[in-house]
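Novice: I have a structure I would like to understand better, so I am pasting it below and will then ask my questions one at a time.
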Amino acid sequence: NNPVERAIRSLALGRKNWLFAGSDTGGQRAAAIASLIATAKLNGLDPEAYLRRVLERIADHPVSRVAELLPWNLPSDADAAAT
């Protein structure tokens, strides 16, 4: 029970903030970002470093290969530090 409560605490604390996403599309985009951040954490990545890395690479990255930028396709922070 405690691990689950810790995992959802950030979403529960921001619950009232999610009401002001601006529109349904804004809410969907906020959900997509929250999913990316949670997936990065589950894959051993620092979410801020992951987003920084993706934003630096995405402008020159072909759309047909965007799946390469997903969290499970990038090396974890521990793997990157070892190399």
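The values are calculated or read from the model by the stated rules, or taken from the named source; none is laboratory data. Only a predicted model underlies this, so the values are computations on that prediction, with no experimental measurement involved. Note that we place each Cβ from the backbone using ideal geometry, even for glycine, and neighbour counts take in every protein chain shown. Areas reflect the complete protein model, heavy atoms only, side chains present, ligands, DNA and RNA absent. Shrake-Rupley method; radii C 1.70, N 1.55, O 1.52, S 1.80 Å.
Novice: How far is helix 24-42 tilted off the main Cα axis of the chain, in degrees rounded to 10, range 0 to 90?
Specialist: 60
Novice: Let me ask something additional. For the pair residue 56 and residue 35, what calculated FRET efficiency results from E = 1/(1 + (r/R0)^6), where r is the Cβ-Cβ distance and R0 = 35 Å, to the nearest 0.05? Please report the intermediate quantities before stating the final value.
Specialist: Values: r = 21 Å, r/R0 = 0.59.
Step by step, r from the Cβ atoms, then E = 0.95.
Novice: In degrees between 0 and 90, to the nearest 10, how far off the longest principal axis of the chain does helix 47-58 point, with axes built from Cα atoms?
Specialist: Taking Cα atoms only, the helix is inclined about 60 degrees.
Novice: Then there is this: Hey, what's the chain come to in accessible area per residue, 1.4 Å probe, Å²? Before the final figure, lay out the partial values.
Specialist: Values: 6500 Å² over 83 residues.
On a per-residue basis, 78 Å².
Novice: OK, next. Roll a 1.4 angstrom probe over the protein heavy atoms and tell me the percent of accessible area of the chain that is carbon or sulfur. Intermediate results must be reported in sequence, preceding the final value.
Specialist: Working: 3800 of 6500 Å².
The C+S portion of the solvent-accessible surface of the chain is 58 percent.
Novice: Also, quick follow-up: On C-alpha positions alone, give me the angle between the axis of helix 2-13 and the longest principal axis of the chain, in degrees, nearest 10.
Specialist: Tilt relative to the chain: about 80 degrees.
Novice: If I compute mean projected area of the Cα convex hull in nm² from the structure I just sent, which labelled value in (i) 6.3; (ii) 7.3; (iii) 5.5 lines up?
Specialist: Computed from these coordinates, mean projected area of the Cα convex hull in nm² corresponds to label (ii).
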